[in-house]
């Protein structure tokens, strides 16, 4: 057979190629082999009929927490990522210089979801809920972080820092940010900054960031967000985004507000990526999965193609994934997702219990990774263990 797998008759939405229409997608040797109309079924060993369905590149979620059994946020990713259309996920700072070797050996090398990571500037990483990882800034050891990131440059995409008071205390957020920036600059890699209820204003924080750095939890509903008290987008936020600082959603259990998102979008402030911040405390709601988060942005008025762009090629390029990730261009990694776009009345919930009713939702149907249809081997090991922090 010429092809190992053929997805036929689906509506292909691939913003990297400007495609939104009926196409067949063929895979061979773990990569995309052809994207055309009318590829004969006889050329493929397996055929997946996507009639009436939406086909996209495999989704890319740049904010997850996968250090199961070590970080209190950790979750078994495959049931919430690979089984639901996410083929590549990035652990956002669950581990630091002292703990990353364990994340690599016991999680990244075993998870079927393709994994990369941001290294926490705290050497401990996000281990315990009761003690913030930067309450003692001795954990923010720049040289140790740089050394560890260089040792594992094939997996570590950048540095992560969390600046909320329950992480860093009430007076040291800018000190922690400075150390994280120093490490990221030494590596020549992006910095992902967790914001929300910070002591310093978001404008102060974003003024220090470089083009390519990422602000996650961008549409949170706590103090010091993207809006002023009158609901207007802050000038310093616009300035930073204008020079290349990226806003990431990072929905989480306490970090996405419909009100903030609606106000920001109505004023032309858009995210550069949609991500979940999925972890043990939110995978049963309000986050659920990437498809649910994309559906929320459909409700907020973004077209499907733009939502898929924010969940594939844009985050892929932002964090420096391999060439072709987030795309179904021939020669790209053979990762795809198949969804059913349902119409009706669907209730969605933000991180603060506010509800919104949308007319569409995206429902995962199948995932293709490395040119093969994903079929689960086991049930999730993830068991909720408490209410957790805001994240």
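Report the residue count in the stretch 199-216 for those that are within 17 Å of residue 318 (Cα to Cα), in a loop (DSSP other than H, G, I, E, B) and free of Cβ contacts under 8 Å to residues at least 40 places away in the same chain.
So the answer is 4.
Take residue 337 and tell me if it is under 26 Å from residue 11 (Cβ atoms), within 18 Å of the chain's Cα centre (by Cα) and at pLDDT 95 or above.
Answer is yes for this residue.
Whether any residue in the stretch 206-214 is at pLDDT 95 or above, touching a helix residue (DSSP H, G or I) at 6+ places or on another chain (Cβ under 6 Å) and under 25 Å from residue 351 (Cα atoms) is what I want to check.
Scanning the stretch 206-214, I find at least one residue that is at pLDDT 95 or above, touching a helix residue (DSSP H, G or I) at 6+ places or on another chain (Cβ under 6 Å) and under 25 Å from residue 351 (Cα atoms), so the answer is yes.
Kindly list the number of the only condition in (1) farther than 18 Å from residue 327 by Cβ; (2) at pLDDT 95 or above; (3) in a loop (DSSP other than H, G, I, E, B) that fails for residue 16.
So the condition that residue 16 fails would be (1).
For the stretch 186-202, how many residues are farther than 18 Å from residue 175 by Cβ and more than 22 Å from the chain's Cα centre (by Cα)?
The qualifying residues number 0.
Among the residues of the stretch 242-259, which ones are surrounded by 20 or more Cβ atoms within 10 Å (Cβ to Cβ) and under 19 Å from residue 298 (Cβ atoms)?
247, 248, 249, 250, 251, 256, 257, 258
I'm trying to understand the selection: among the residues of the stretch 130-140, which are more than 14 Å from residue 165 (Cβ to Cβ) and crowded, with 17+ Cβ neighbours inside 10 Å?
Matches in the stretch 130-140: 139, 140.
Is it true that residue 331 is at pLDDT below 95 and outside any strand (DSSP E or B)?
no
If you check residue 149 against the conditions, is it assigned by TED's automatic domain parsing to the domain that holds residue 314, at pLDDT 95 or above and either touching a strand residue (DSSP E or B) at 6+ places or on another chain (Cβ under 9 Å) or part of a helix (DSSP H, G or I) (or both)?
The answer is yes for residue 149.
Kindly check whether there is at least one residue in the stretch 250-268 that is over 20 Å from residue 77 (Cα atoms), touching a helix residue (DSSP H, G or I) at 6+ places or on another chain (Cβ under 6 Å) and touching a residue at least 40 places away in the same chain (Cβ under 8 Å).
no
Check whether at least one residue in the stretch 39-46 is surrounded by 19 or more Cβ atoms within 10 Å (Cβ to Cβ) and either touching a helix residue (DSSP H, G or I) at 6+ places or on another chain (Cβ under 7 Å) or not assigned by TED's automatic domain parsing to the domain that holds residue 177 (or both), and report yes or no.
Yes: the stretch 39-46 contains one or more residues that are surrounded by 19 or more Cβ atoms within 10 Å (Cβ to Cβ) and either touching a helix residue (DSSP H, G or I) at 6+ places or on another chain (Cβ under 7 Å) or not assigned by TED's automatic domain parsing to the domain that holds residue 177 (or both).
Yes/no matrix, rows are residues, columns are (1) in a strand (DSSP E or B); (2) buried (at least 17 other Cβ atoms within 10 Å of the Cβ):
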| residue | (1), (2) |
| --- | --- |
| 154 | no, no |
| 158 | yes, yes |
| 176 | no, yes |
| 179 | no, yes |
| 182 | no, yes |
| 189 | no, yes |
| 192 | yes, yes |
| 197 | no, yes |
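The values are calculated or read from the model by the stated rules, or taken from the named source; none is laboratory data. If you're wondering where the values come from, they're calculated on a predicted model, not measured in any experiment. With ideal geometry, Cβ positions are generated from the backbone for all residues, glycine too; neighbour counts draw on all protein chains shown.
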